[in-house]
1. Scanning segment 1-27 for residues that are under 18 Å from H40 (Cβ atoms) and assigned to a strand (DSSP E or B), which turns out farthest from the ligand (Cβ to nearest atom)?
2. Need at least 1 residues that are within 16 Å of the ligand (Cβ to nearest atom) and more than 24 Å from P146 (Cβ to Cβ) per element, so show me which helices (runs of 4 or more DSSP H) inside segment 45-131 make the cut, counting only ones lying wholly within it.
3. Confirm whether R42 is in the same structural domain as L130 (by TED's automatic domain parsing), more than 16 Å from the ligand (Cβ to nearest atom) and not in a helix (DSSP H, G or I).
4. Out of G311, G322, G333, which single residue is surrounded by 14 or more Cβ atoms within 10 Å (Cβ to Cβ) and either assigned to a strand (DSSP E or B) or charged (D, E, K, R) (or both)?
5. List the residue pairs whose Cβ atoms are under 9 Å apart, where the first residue sits in segment 39-58 and is closer than 17 Å to K18 by Cα, the second is of a type in the set (D, E, K, R) and more than 10 Å from the ligand (Cβ to nearest atom), and the two are 6 or more positions apart or on different chains.
6. If I filter segment 238-281 down to residues being outside any helix (DSSP H, G or I) and within 16 Å of the ligand (Cβ to nearest atom), which single residue comes out as surrounded by the fewest Cβ atoms within 10 Å (Cβ to Cβ)?
7. Any idea which of I50, I105, I94, I68 is buried (at least 16 other Cβ atoms within 10 Å of the Cβ) and over 25 Å from the mean Cα position of the chain (by Cα)?
8. Somewhere in segment 186-199, is a residue buried (at least 16 other Cβ atoms within 10 Å of the Cβ), among the small types (G, A, S) and not in a loop (DSSP other than H, G, I, E, B)?
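The values are calculated or read from the model by the stated rules, or taken from the named source; none is laboratory data. As the structure is a computational prediction, the values presented were derived from the model and not from experiment. Glycine gets a Cβ as well: all are built from the backbone with ideal geometry, and neighbour counts include every protein chain shown.
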Amino acid sequence: MEYASKLSNVSILGAAGKMGSGILLLMAQELFDLSRQPEHSRLEFRINAIDVSEEGLNAVMRYVEKQIRKAGERKPENIRKHFPESDGNDEEVISRYTSEVLALINPVTELKAAYDSTIVFEAASENKDLKIRLLSDINRNSDHAPWFFTNTSSIPIQYIDEKAGLDGRILGFHFYNPPVIQKLVELITTENTLKGLIETAGILAEKLRKVVVRSNDVAGFIGNGHFMRDALYAFSEIERLENKMEFVEAMYAINAVSQKFLIRPMGILQLCDYVGLDVVQFIMKVMDPYMDKEDLHSPLLAMLVSLGVKGGQNPDGSQKNGFFKYEEGRIIGIYNVRIGIYVDIHPVKLKVNEYLGALPESCKPWKEIIKDPDKNNILRTIFSDLRQINTPGSDLALKYGFNSKKIGLKLVNDKVANNEEDVNKVLLTGFYHAYGPVNSFFD
Ligand SMILES: NC(=O)c1ccc[n+]([C@@H]2O[C@H](COP(=O)([O-])OP(=O)(O)OC[C@H]3O[C@@H](n4cnc5c(N)ncnc54)[C@H](O)[C@@H]3O)[C@@H](O)[C@H]2O)c1
């Protein structure tokens, strides 16, 4: 009951954004489930979908409607059980479900809608002053001592807590993108975080069927702690390779090594494009002041962002151009930073693939390996073969894999992660890697 009453009035800040819209969909379904349980019949459930963009809110309501309907169509039996009294056909039950879930949502541009909420999910843009302003405003004007679940990717939770005066009523509930699909949630608490809030977050994660990894409150947490350093290593390798080849070739080489040779779902530059080069740059900027002996800055990234080369997604979900140029999800060009245009990927690909050399014969694509029950043995063979072939490609890959392992160990050493398994779990679950960075393949 405590869980349900806490969740009876929820607000989502930044509801029209990439993360906020997914969180809204998940929470609308969860609140609907709770509202249909007889023991909660005296509670009134509501979600305020709050965003500065009215247009964005209209679009997000259309998105939620479409997704709710789809979920109903996929498994009508799951929807039917909410309406045991109904003798309507599937279509009627799904329409009723869709309209009842939507009726729980109040799309609104004014922050004051959150003043009545007991739980606030914060998924507004990654800007610490903005987040602090929004949370302290709600906190000051609310009589409910609300609990805050922030989705920040990089800002320490303790910092937000102190600056917004939340007295431990905040934790990091870091969904991965897209929140509806991705299983991982990094849960970040501080010494002050209220016990009841941590318990509720645990119940919620379980109800949403998420895999929770606890991360300590260090800027970037585990996921971005690894990703940002991995990307910086890649950028430095590109610069190093420039002595041997054209810059675009070096870019292509490092992307290919990090994908095909290391058997990852996508190369590091493509991953940066997916996340958004401006977002990557921003996360590094937020993390940098907290990292004593490291410089989390990339001149390459800064230059691209200043030229408007940013990656990220279009509103229809298609990939925008970044390091690479995309057509229907396929890479067709690569950005030549020296002349400021995209050039055809094919000649670059041919030349660089020849330079890197062949993959070991035992090598299989990521898609096949990830599903194989004998995955670990297969990987062991591939990486042992990689050691033998002694090509520029294998050399770069072994160094890259070793550096990724070093980053993983550093996260444990710096007490960002509680142990090596947690680092591996984040990379396996949140980044879909076939193996964790802390492994015995790269010594
Ligand atoms: N995109 C990712 O891969 C990802 C993954 C995990 C966490 N995050 C984090 O989630 C948060 C949101 O990221 P995103 O990628 O969804 O960004 P986004 O730019 O897609 O969405 C941010 C939303 O916040 C809204 N907003 C801005 N100012 C606001 C205000 N004053 N009040 C209410 N809404 C406001 C914007 O209109 C926008 O709709 C960030 O903290 C980010 O670091 C992002």
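1. My answer is N9.
2. Numbers: elements: 54-74, 76-80, 90-103.
By residue number, 54-74.
3. On the way: in the same structural domain as L130 (by TED's automatic domain parsing): yes; more than 16 Å from the ligand (Cβ to nearest atom): yes; not in a helix (DSSP H, G or I): yes.
Here the answer is yes, as R42 does meet what is asked.
4. Values: G311 fails: either assigned to a strand (DSSP E or B) or charged (D, E, K, R) (or both); G322 fails: either assigned to a strand (DSSP E or B) or charged (D, E, K, R) (or both).
Just one listed residue meets the conditions, G333.
5. The qualifying pairs are N48/D116.
6. Applying the first criterion (outside any helix (DSSP H, G or I)) to segment 238-281 yields 242-246, 262-267, 276.
If we keep only those that are within 16 Å of the ligand (Cβ to nearest atom) as well, we get 265-266, 276.
Values: P265: 15, M266: 17, G276: 19.
Among them, the one singled out is P265.
7. Values: I50 fails: over 25 Å from the mean Cα position of the chain (by Cα); I105 fails: over 25 Å from the mean Cα position of the chain (by Cα); I68 fails: over 25 Å from the mean Cα position of the chain (by Cα).
When all the criteria are applied, what remains is I94.
8. no
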